[in-house]
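> Once you've had a glance at the structure underneath, I'll fire off some questions.
Any read-out appearing in this document is the output of simple, stated calculations on the displayed coordinates, not a laboratory observation. These figures come from a predicted structure and were not determined experimentally. FYI the Cβ positions are ideal-geometry reconstructions off the backbone, even for glycines, and counts take in every protein chain you see.
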Amino acid sequence: MITLKEYFEAVKSTKWFVGIPIVLPAFSQLLSQRDTATYLCPPLGDDQGVFLIVTSLALAAFSWIVFEVRRSRKKRRPFLSFSLLVVSLFAFVALNIFFVKHIYYDRLHQEDSVSVGYARTAFTPEKLVGKVYSDLDLLRLTGTDERVIEKLWTPRSIHVVRLLLWLSYTMFLGTLIWLISSMAYQHAVDEASHPSN
C-alpha cells in the first residue's frame, strides 16, 4: 500500500503525459484562431467555455480518483480501460465526421468549424424551394452564426449532438489520464515494495 504523497510523486514524474490532456481544453479557448482550436476540441457552440471548464475539472479529478480506486482494489482491469479508450475515440471521430462541418472561406483564408444537429427545421431553404442542400452548402448559403444554426437544425438535435461530442471527447481524455495515472500508481507501488538503496 502506498500513500497519497508517493502516488502524486509518481504522477508528477509523468506530468507531461497527465498534464497535457487536462490543460488541452482550457488552452484551446486561449487560441485566437477558431480553426486551430477546433482541432484541439470539438466546436460546441455558445456553451463551449462551460463545457471545457467542466472537462478540465473532471480530468484533474480523475488522477485522484485513480488513487482511491486502485488503493481499494487489488485487481486491475487494463482491458476494460483500453476498450473504453478505443470506443470513446471511435465515437468522437464518428461524431466529428457526421456532425462537425468545416467551411473554408477563400477570400479570408480562414476556416470556420461548427457542429450541427441531426434533424433540420422547417426553415431550411430546401423545404422552401424544393432543392436539396448538403449541410455544407446550407452553411455556406446562410452562414455559421449560432443563431442561424439554431434556426436550421432543431434545438434538440443540436443539443444531443453537442452533448455526445463533449461526452466522447471527455471520456477519451479521461480514459487516457486513467491509464497513465494507473501506470504511475503501479510504478509507485513497485518503488515502495523494492526501494533502491
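> When you look at residue 171, is it within 26 Å of residue 42 (Cβ to Cβ), surrounded by 14 or more Cβ atoms within 10 Å (Cβ to Cβ) and not charged (D, E, K, R), yes or no?
Yes.
> In the range 99-114, how many are within 16 Å of residue 137 (Cβ to Cβ) and free of Cβ contacts under 8 Å to residues at least 60 places away in the same chain?
Total satisfying the criteria: 5.
> For the range 147-197, what are the residues that are among the β-branched types (Val, Ile, Thr) and in a helix (DSSP H, G or I)? Step through it out loud before you land on a result.
First, the residues of the range 147-197 that are among the β-branched types (Val, Ile, Thr): 148-149, 154, 158, 160-161, 170, 175, 177, 180, 189.
Across the range 147-197, the qualifying residues are 148, 149, 158, 160, 161, 170, 175, 177, 180, 189.
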